[in-house]
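Every number here is computed from the coordinates shown, using simple stated rules; none is lab data. What you see is a predicted model; the values in this text were computed from it and never measured. When we count neighbours, we look across all protein chains shown, and the Cβ atoms used for this are built from the backbone with ideal geometry, even at glycine.
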Amino acid sequence: MPEKNSPDSEPSEYAVYLRGEQLLQPGLLLLLARQPMHGYELIQSLSGLSFNQEECDPATVYRNLRRMEDDGLVRSEWQTGLSGPARRVYHLTTEGERLLEMMATNARRRREQLEAFLTMFTNTRLRGGGVPLKELPLREEEEEKT
Amino acid sequence: MREATLRILHAGALRGPLKECALVFQETHPGIVVSLEAAGSRECAHRLLRGEEADVVALADPAVFAELLEPEFVARYFIFATDRIVIAFDEYSRGQNEINRQNWMDILLADQTTYARSDENLDPCGYRTLMAWQLGEEFYCRPGLYNRLRNGCPSGAITPKSIDLVELIAQGRVDYAFVYSSVAVQFNLRHITLPREIDLSSPVFADRYATATVAVRGRQFGNTVLLKGAPIEFAIGIHRQTGHSDLAKSFLDFVHGRAGQAILENHGLIAC
């Protein structure tokens, strides 16, 4: 059985999120790939990410961090200074790095699909918009089969 | 394990979750008794300053640790939960069918409607309520709102700790009260949430919150301290003079662990 979130495994539910509007977990992984942060900082940083259009609800962020820690994608430890409160700081794990790579690969693939769609859409509009579906170009493999 | 009593002095708003944490902790630590004592967080700190003993201290604002207890009484304290300010009421409150996050101030300031808050000198929920009112004045573009709300809340409707506000609503002595969301959830009170920009819940608005200030009694008699608004956080620490440091550490580990976090969440807090 393939290791969880390995390239050979089925797309994980984390990777699936990239297909929709939910970019919270990819955003958290991406921020933690830059540097370890505590939840307070992560919530502030998430709100500045241009691709994250969702409201940063603190409860949602903290619950996702716990879930990601349970799944081995991040780990946490207490950060204490000479004074002031100690906070739980999150670090990206090797498994989290691997999943982030997978997410980026999926995002690139998705971008190519969307670009192909937009190219076809633009061409259709330029031709007057009333192009019958049968005249639209097929994907290479479908053309080979016919 | 030898018999021992672990004394916890805590913010009143933490009564429900800490009581359940204590019960579960006792089950897994035979012979250990956990005793809980609740007060407003600033009152908790002043009790320690006056010599009251405790092993663990759990307060509704890390700033209270920083201002009054660190480092003489508590060396380290840990952020373990967050929350937000809401307006709680019940089915008998005047205007309860109309109130929402846009018109709440008009409902509260209407003739015969009464509302309550906790004492800013004793309880963080009290000064956080005043901060939310200040932030609301700017957010809703309602000049004078803060003073009108402050003047409209009589001294009899100002309680030592936020948990006391629940009783005022239950007894029908006030229509509305400003409490933590977790308190409203624990006592099954109806409530409306406020916009994130004013409810002190989100680090995203930390700079905005910091524009609100409230003066409270300081450590020395006659002194006042100016507190700035900040996202709500709860913190817990071990008293330096505890005779049960290992046991106290075990309790903190329990609260910070998944079992403790589940209890906090079940009581409406956001574990962090």
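Working only with C-alpha atoms, what are the Rg and Dmax values of region B:15-67, expressed in angstrom?
That works out to 12.6, 36 Å for Rg and Dmax.
Filter the chymotrypsin sites (Phe, Trp or Tyr not before Pro) in region B:20-99 to those in DSSP coil with at most 14 other Cβ atoms within 10 Å of their Cβ, and list the result.
B:Tyr92
List every residue whose amide H lies under 5 Å from the amide H of B:Thr159, counting only residues 5 or more places away in sequence or on a different chain, with H placed 1.01 Å from N in the peptide plane.
B:Arg117, B:Ser118, B:Asp119
How far is it, in nm, from the label point at B:Arg217 to the one at B:Glu98 when both lie 7 Å from their Cα along the line to the Cβ?
Those two pseudo-labels are separated by 3.9 nm.
Principal axis extents for region A:50-90, Cα atoms only, whole Å, descending order, please.
37, 23, 18
When the Debye formula is applied to the Cα atoms of region B:199-251, each taken as the same point scatterer, what base-10 log of I(q)/I(0) results at q = 0.27 Å⁻¹?
-0.94
Just need the Rg to Rh number for region B:27-182, please, alpha carbons only, Kirkwood Rh. Numbers along the way, then the final one.
Details: Rg = 17.8 Å, Rh = 17.2 Å.
Using Cα coordinates only, the ratio equals 1.04.
For helix B:15-28, report the angle its Cα long axis makes with the longest principal axis of the Cα atoms of chain B; keep it between 0 and 90° and round to the nearest 10°.
20
Enter the mean projected area of the convex hull around the alpha-carbon atoms of region A:59-127, in nm², rounded to one decimal.
Answer in nm², one decimal: 7.7.
Amide H neighbours of B:Arg76 under 5 Å, at least 5 residues apart or on other chains, H built in the peptide plane: list them.
B:Ile238
What are the ³J(HN,Hα) values, in whole Hz, obtained from phi via the Karplus relation 6.51 cos²θ - 1.76 cosθ + 1.60 with θ = phi - 60°, for each residue of region B:178-187 in sequence order, with x given for Gly and Pro?
Result, rounded to whole Hz: 8, 9, 6, 4, 4, 5, 4, 5, 4, 9.
Considering lysine pairs in the protein assembly as shown that are 8 or more places apart or on different chains, how many have Cα atoms under 24 Å apart?
4
So what is the diffusion coefficient of region B:180-272 in µm² per second by Stokes-Einstein at 37 °C and 0.692 mPa s, using a Kirkwood Rh over Cα pairs?
The calculation lands on 203 µm²/s.
Can you give the convex hull volume of the alpha carbon atoms of chain B per residue, in Å³?
Dividing the Cα hull volume of chain B by its residue count gives 123 Å³.
I want the antiparallel fraction of DSSP beta bridges within the protein assembly as shown, as a percent rounded to 5.
Roughly 65 percent of the DSSP beta bridges within the protein assembly as shown come out antiparallel.
Given all pairs of different Cα atoms, what value in angstroms does the Kirkwood hydrodynamic radius of region B:142-229 take?
On the way: mean 1/r = 0.0654 Å⁻¹.
This gives a value of 15.3 Å.
So, with +1 on the Cβ of K and R and -1 on the Cβ of D and E, and no other charges, what is the size of the charge dipole of region B:20-82 about its Cα centre, to the nearest 20 debye? Could the numbers behind the result be given before it?
Numbers: 4 positive and 11 negative charges, 15 e Å.
Roughly 80 debye, rounded to the nearest 20.
To the nearest 20 Debye, how big is the dipole of chain B about its Cα centre, given +1 on the beta carbon of each Lys and Arg and -1 on that of each Asp and Glu?
Approximately 300 debye in magnitude.
Arrange the following residues from fewest to most other Cβ atoms within 10 Å of their Cβ: A:Ser50, B:Ser118, B:Ser93.
Ranked by crowding around the Cβ, least crowded first: A:Ser50, B:Ser93, B:Ser118.
Ordered by packing density, taken as the mean number of other Cβ atoms within 10 Å over each peptide's residues, highest first, how do B:35-48, A:62-75, B:205-218 rank? Please list the in-between numbers first.
Details: B:35-48: 21.3, A:62-75: 18.6, B:205-218: 16.6.
In decreasing order of mean packing, B:35-48, A:62-75, B:205-218 become B:35-48, A:62-75, B:205-218.
In what order do A:Leu28, A:Leu42 fall by count of nearby beta-carbon atoms within 10 Å, going from fewest to most? The partial results should precede the final answer.
Details: A:Leu28 28, A:Leu42 23.
Exposure proxy ranking, most exposed first: A:Leu42, A:Leu28.
Sequence gap at least 6, Cα distance under 8 Å: using those rules, report the relative contact order of chain B to the nearest whole percent.
28
Please report B:Thr114, B:Thr159 as a ranked list, fewest other C-beta atoms within 10 angstrom at the top and most at the bottom.
B:Thr114, B:Thr159
Considering all alpha-carbon pairs of the protein assembly as shown, what whole percent are spaced by more than 34 angstrom? Don't jump to the answer; show the numbers that get you there.
On the way: 36228 of 87153 pairs.
When all Cα pairs of the protein assembly as shown are counted, 42 percent exceed 34 Å.
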